[in-house]
Amino acid sequence: MFRQQPPSHLPRHLLFAVLAYRLQTDELGDIDPVTARLLKQIATGGGTVKASRVTEQFGRRRTELKPGMILMREWNAQAYRVMVVDKGFAWSGKTYDSLSKVAFAITGTNWNGPRFFGLRDQVKS
C-alpha cells in the first residue's frame with residue numbers, strides 16, 4: 001500500500017492501525033484541515049486541561065445552524081420545535097430573526113436564545 005517496507009521497529013498492532021486508517025481515508029476521505037490543526041494543537045499542548053479547553057472552543061465554533069434544522073426544547077412540560085429557515089427561525093406560524101425572540105415568545109421572559117435551546121454551555125452552579 002505504501003510501496004515500501006514498514007519500519008522494523010513498528011509493532012504489528014500499530015502497523016495494522018496505520019493500514020486501517022489508510023484504507024478508511026482512501027474510502028471516505030481524510031480529516032478536514034481544521035480538525036487536523038485541532039489534533040495537532042492538542043498533541044503539542046500542555047496537558048488535559050488545555051486540551052479540554054481547546055476542544056470546547058472548537059465545538060462552539062462548529063455549531064452552525066443550517067436551514068431545515070429543527071431545534072427542540074421542553075419548557076413547562078411542553079415540547080417546542082423551532083425550524084431554522086433562511087431568514088431566521090420559524091415557530092408557531094411566525095418567523096423570528098433571532099433565537100432570543102423565539103425564547104421570549106415561548107417563555108415570556110428574556111433568555112439568551114442559543115442557551116435556551118442548548119447551543120451554549122450550561123450555567124455552572
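Please work out the Kirkwood hydrodynamic radius for segment 71-125, using every pair of different C-alpha atoms, and report it in angstroms with one decimal place.
11.5
Can you give me the long-range amide H partners of Val85? Hydrogens built in the peptide plane at 1.01 Å from N, cutoff under 5 Å, separation of 5 or more residues or another chain.
Counting only residues 5 or more places away or on other chains, the set is Gly68, Ala90.
Bear in mind these aren't lab numbers, they're just calculated from the coordinates by the rules spelled out. Note that the coordinates shown come from a computational prediction; the quantities given were computed from them, not determined experimentally.
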